[in-house]
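To start, the structure itself, in structure tokens.
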Amino acid sequence: MPGSKSVVPIEVIENRILFIRGGKVVVDADLAEFFGVSTKRLNEQVRRNPGRFPKDFLFQLTSKEKEEVVANCDHLDKLKYSNVLPFVFTEHGAIMASNVLNSTQAIEMGVFVVRAFVNLRRTIENHGELGKKLSQLEKQLMEHDKRFVSIVRAIRSLVGSKEVPKKRRIGFESEKPAAG
């Protein structure tokens with residue numbers, strides 16, 4: 001399979017991965033599309049193999065979560081009219097789904113879905129490191145700001161403590177003739 005190309009670009013897969021209940025998941029309709037099967041067929045295989053899908057692999061959305069997903073994802077607009085709450089698959093659930101479907105496209109796309117999850121994980125880790133570095137920089141700037149403020153206060157105290165005497169003009173002063 002080296003050199004094989006995804007039927008669906010990996011960027012599309014990454015864009016379909018959502019963050020729900022503190023984890024990255026993909027909605028059953030999207031996963032079924034990637035695997036080249038109907039959502040009904042995918043969910044049928046899930047129901048036939050309940051032991052392969054523990055709660056950390058797959059869960060069903062609540063009505064509120066479904067409304068939020070439909071509102072935020074234009075491509076899932078058709079779910080608005082469905083009276084069934086969709087399932088969402090974690091990375092491990094997506095792997096298991098490709099195994100139970102056992103079609104060539106499902107197996108091949110399972111690899112690409114996992115790669116998309118891994119790419120997102122790396123991106124999040126990189127952003128985490130960047131966030132830590134920004135926090136360190138912010139602390140350093142705050143320390144510099146404190147030092148700068150103390151220097152300005154010290155200068156003001158030196159300047160503002162004594163009245164500056166008026167400077168005398170250098171040279172002779174001539175007497176002005178009295179007006180007569």
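Return yes or no: is Met96 outside any strand (DSSP E or B), closer than 17 Å to Val37 by Cβ and in contact with a Lys or Arg (Cβ under 6 Å, 6 or more places away or on another chain)? When the stated conditions are applied, Met96 passes them. The residue that is modelled with the lowest pLDDT, among those in the range 156-171 that are loosely packed, with under 10 Cβ neighbours inside 10 Å and in a helix (DSSP H, G or I), is Gly160.
Kindly indicate whether Ile95 is touching a Gly at 6+ places or on another chain (Cβ under 6 Å) and of a type outside the set (Asp, Glu). Judged against the criteria, Ile95 is a match. Within this structure, Asp56 passes the test of being loosely packed, with under 12 Cβ neighbours inside 10 Å, in contact with a strand residue (DSSP E or B) (Cβ under 9 Å, 6 or more places away or on another chain) and at pLDDT 85 or above. Filter the range 63-84 for residues that are at pLDDT below 90 and loosely packed, with under 13 Cβ neighbours inside 10 Å and give the result. Selection gives Ser63, Ala71, Asn72, Asp74, Asp77, Lys78, Lys80, Tyr81, Asn83, Val84.
Among residues of the range 45-74 that are without any contact (Cβ under 8 Å) to a residue 60 or more places away in the chain and farther than 19 Å from Ala32 by Cβ, those with a Cβ under 8 angstrom from a residue that is among the hydroxyl-bearing types (Ser, Thr, Tyr) and surrounded by 17 or more Cβ atoms within 10 Å (Cβ to Cβ), sequence gap 6+ or separate chain, pair up as Asp56/Thr90.
Of the residues screened, Arg121 is not one that is surrounded by 13 or more Cβ atoms within 10 Å (Cβ to Cβ) and over 13 Å from Ile20 (Cα atoms). Residues in the range 21-38 that are without any contact (Cβ under 8 Å) to a residue 12 or more places away in the chain and either surrounded by 13 or more Cβ atoms within 10 Å (Cβ to Cβ) or out of contact with any helix residue (DSSP H, G or I) (no Cβ under 7 Å at 6 or more places or on another chain) (or both): 2 in all. Has the range 118-136 got at least one residue that is hydroxyl-bearing (Ser, Thr, Tyr) and within 17 Å of Asn15 (Cβ to Cβ)? Yes, the range 118-136 contains at least one residue that is hydroxyl-bearing (Ser, Thr, Tyr) and within 17 Å of Asn15 (Cβ to Cβ).
Is it true that Glu91 is of a type in the set (Asp, Glu), farther than 25 Å from Ile10 by Cα and at pLDDT 80 or above? In short, no.
The values are calculated or read from the model by the stated rules, or taken from the named source; none is laboratory data. If you're wondering where the values come from, they're calculated on a predicted model, not measured in any experiment. Cβ: placed from backbone, ideal geometry, glycine included. Neighbour counts: every protein chain shown.
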